[in-house]
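Below: one structure, written as structure tokens.
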Ligand SMILES: [Zn+2]
Ligand SMILES: [Zn+2]
């Protein structure tokens, strides 16, 4: 089932984004949770809605939205490009080493494990990114 969001989840009280950035935000948001779009895919979608928009505008917009915490940027080992997804609940990722498909996995390292690691090594942990690798259901069969 494909879920389409028609309403932006942004708080209307937040300062307005430049038009092009708002478009990029909407594209990532409307892709829905569980989709991971590359800058090239976002650019293709943006072009359909705003002919003439430049790839560098899309690229800069993604960086800016990431810095503002409005989209999540994901670097999965083995993937050619960073991908972008809506900001949502914490989750891990699975990447199929055969077809490259990236899936969300509802998993987070237990906080007591993080605390124990931090204590043992004397560092602090701000964030963790977990990526599993293997073969997706389609490729495994
Ligand atoms: Zn696969
Ligand atoms: Zn994800």
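Tell me, what is the percent relative contact order of the chain, built from C-alpha pairs under 8 Å that lie six or more residues apart? Write out the running numbers ahead of the final one.
Working: 170 pairs, mean separation 28.5, N = 141.
Taking the mean separation of contacting Cα pairs over the length of the chain, I get 20 percent.
Checking the a/c ratio against 1.5 first, then a/b against b/c, what shape does the Cα gyration tensor give for segment 89-141? It is prolate, given that a/c is not under 1.5 and a/b is the larger ratio.
Helix 39-49 and the long axis of the chain differ in direction by around 30°, with both axes built from C-alpha atoms.
By how many nm would the segment from residue 114 to residue 19 grow when fully extended, if each residue of separation counts as 0.36 nm and the alpha-carbon distance is taken off?
Details: separation 95, 0.36 × 95 = 34.20 nm, distance 4.02 nm.
Stretched out fully, the residue 114 to residue 19 stretch lengthens by 30.2 nm.
Rounded to the nearest 500, the 222 nm mean residue ellipticity of the chain from helices alone is -11000 deg cm²/dmol, with -39,500 (n - 2.57) taken per DSSP H run of at least 4 residues.
Debye sum, Cα scatterers, segment 10-88, no solvent: what log₁₀ I/I(0) at q = 0.20, 0.22, 0.26 1/Å? Normalising to I(0) and taking log10 leaves -0.84, -1.01, -1.38. Taking 7 Å steps out from each Cα toward its Cβ at residue 135 and residue 50 produces label points 4.4 nm apart. Of the two radii for segment 28-141, the radius of gyration is 1.04 times the Kirkwood radius, both from the alpha carbons; that is the Rg over Rh value. A crude spin-label estimate for the pair residue 63 and residue 33, with each label 7 Å from Cα along the Cβ direction, gives 3.0 nm. For segment 89-141, the share of DSSP beta bridges that are antiparallel, to the nearest 5, is 50%. Between the helical axis of 55-67 and the longest alpha-carbon principal axis of the chain there is an angle of about 50 degrees. With respect to the chain, whose longest principal axis is taken over its alpha-carbon atoms, helix 111-121 is tilted by about 70°.
Every read-out reported here was derived from the displayed coordinates using simple, explicitly stated rules and does not represent laboratory data. Please read these numbers as outputs of a predicted model, since none were measured by experiment. Positions of Cβ are generated from backbone atoms using ideal geometry, with glycine treated the same way; all protein chains shown enter the neighbour counts.
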